[in-house]
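What follows is a single structure, written as structure tokens, with notes after it.
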Amino acid sequence: MKVLVHYHEIALKGRNRPFFLGKLADNLRRATADLEGVRVRILPGRVAMEVPDAASWDVVRERVGSVFGVANFSQAHEVPADLEALKAAAVEALRDRQFGSFRVTTKRSYKGFPMNSGEIDREVGGAVHHATGVRVDLERPELTLFVEVLQDRIFYSWEKHKGPGGFPVGTSGRVVALLSGGIDSPVAAQRMMKRGCTVTLAHFHAFPLQDRTTIDKTRELARILTRFQFRTRLLLVPFAEVQQTIVARCPAPLRVVLYRRFMVRIAEALAGRMKAKALVTGESLGQVASQTLDNMAAIDEAARGPVLRPLVGMDKEEITAEARRIGTFDVSTLPDQDCCQLYVPKSPAVAATLAQVREAEAGLDVPALVATAVSQAETERFEFPPRSVGQDPDRSGELAQ
Ligand code: ATP
Ligand code: MG
């Protein structure tokens, strides 16, 4: 079967077109890497995929439908650039289908074709009407036959599936997303992927002070998110020592902000090694007492580069709906012991001032704490689709260390 993939022209503005299209084509290849014999080619104005008929359309549809940069796509058929060939093929294809009305919608990408799109609509529509007796309805057709005229061939199809939009992963650089086990941070990470970023995930855990549930949850979340970017690195960072030090030496109300400042420092140190340009968190303004503007400012002050918060203006219901849509909600809501629940004071500071946090940190050996955590971080790798058939995808992270 043939699959035609369309992208938004607007997405190319100001961007390097061949680079963008190359990534889109690469990602379509990766998304279908386990289906033998898929070929992807860049044509004028669209990308065409040749998929062996043995492949299941449901699988192809799901895979192509989650590649960022895809505006819409369809299962298409091809004839030579010849009107009579198109008419015959369209009639043949639609003869056995049940539909009460139809229209033809032609897009002529090759302007050298001897007829314009309106003329092609009428010619092909006339032929289909003549053969099937079905009436044309331009306003609310039950079936639309889409025709796309290129220089050397014509494609036709009668379906269009919505793609996820956005930019192809790999076109906007790398970021490191702080992944808790909660609802918000996986959504934030996925939003950055949609803007074309390759996202490395970093999870801070308090093992052995706490059990491994958040580690297992973030592995599962990484596995789900990898569907959108095909390869993911998950950094697992031991955080218990930092937390114990803060608890022993700093005022209790500042703990949460101090935890976050250390997370940011450690994540940036790890990010620098992989040339990541920014950090990402799942914070949303005002969602909990610790997510105030003052606290965000105090957290950012510990960072050298940008800390992006793609969910900052969303409310919990919107974030939850998105988590369900991308498939992370059920994992995120499993019970866990997040490291930030450890030693959390009854009334955390809602407006930590810089002077306060600086004073609190003055008694700590910040560089040494950061360096220790960085040196103890472990990396796990995830791939989608899993490389070899029969490999248990749940264990791919552990196998590919
Ligand atoms: P989430 O649902 O993402 O856990 P939350 O509403 O629980 O967010 P917080 O616990 O205040 O909010 O965390 C704010 C952000 O800090 C998270 O979205 C995440 O980006 C980061 N974060 C919190 N805990 C961790 C952790 N253990 N490891 C990595 N990042 C974390
Ligand atoms: Mg949380």
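The values are calculated or read from the model by the stated rules, or taken from the named source; none is laboratory data. Quantities reported herein were computed from a predicted structural model and do not represent experimental measurements. All Cβ positions, even for glycine, are placed from backbone atoms using ideal geometry, and neighbour counts span all protein chains on display. Just the protein is used for accessible areas: all its heavy atoms, side chains included, with ligands, DNA and RNA removed. Shrake-Rupley method; radii C 1.70, N 1.55, O 1.52, S 1.80 Å.
Below, the figures for the structure above:
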item: Residue list for region 269-278, filter: part of a helix (DSSP H, G or I) and at pLDDT 95 or above; result: 269, 270, 271
item: Pair list, Cβ under 6 Å, 6 or more apart: region 59-77 residue within 18 Å of residue 36 (Cα to Cα), other residue aromatic (Phe, Trp, Tyr); result: 64/73
item: Those residues of region 178-200 which are near ligand 1 (Cβ under 7 Å from one of its atoms) and hydrophobic (A, V, I, L, M, F, W, C), in sequence order; result: 178, 179, 183, 188
item: Filter pass, residue 125 being modelled with pLDDT of 95 or more, crowded, with 18+ Cβ neighbours inside 10 Å and out of contact with any Gly (no Cβ under 8 Å at 6 or more places or on another chain); result: yes
item: Residue ranges of strands (runs of 3 or more DSSP E) in region 1-120 with at least 3 members in contact with a Gly (Cβ under 6 Å, 6 or more places away or on another chain); result: none
item: Checklist (1) under 19 Å from the mean Cα position of the chain (by Cα); (2) open to solvent by 40 Å² or more (accessible area, probe 1.4 Å); (3) more than 13 Å from ligand 1 (Cβ to nearest atom) applied to residue 275, failing item; result: (1)
item: Any hit, region 154-165, residues being in a loop (DSSP other than H, G, I, E, B), more than 16 Å from ligand 2 (Cβ to nearest atom), open to solvent by less than 30 Å² (accessible area, probe 1.4 Å) and in contact with a helix residue (DSSP H, G or I) (Cβ under 9 Å, 6 or more places away or on another chain); result: yes
item: Flag if residue 297 is more than 16 Å from ligand 2 (Cβ to nearest atom) and touching a residue at least 60 places away in the same chain (Cβ under 8 Å); result: no
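For every residue, the table says whether it meets (1) open to solvent by 50 Å² or more (accessible area, probe 1.4 Å); (2) under 34 Å from the mean Cα position of the chain (by Cα).
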residue	(1), (2)
81	no, no
85	no, no
98	yes, no
111	yes, no
115	no, no
145	no, yes
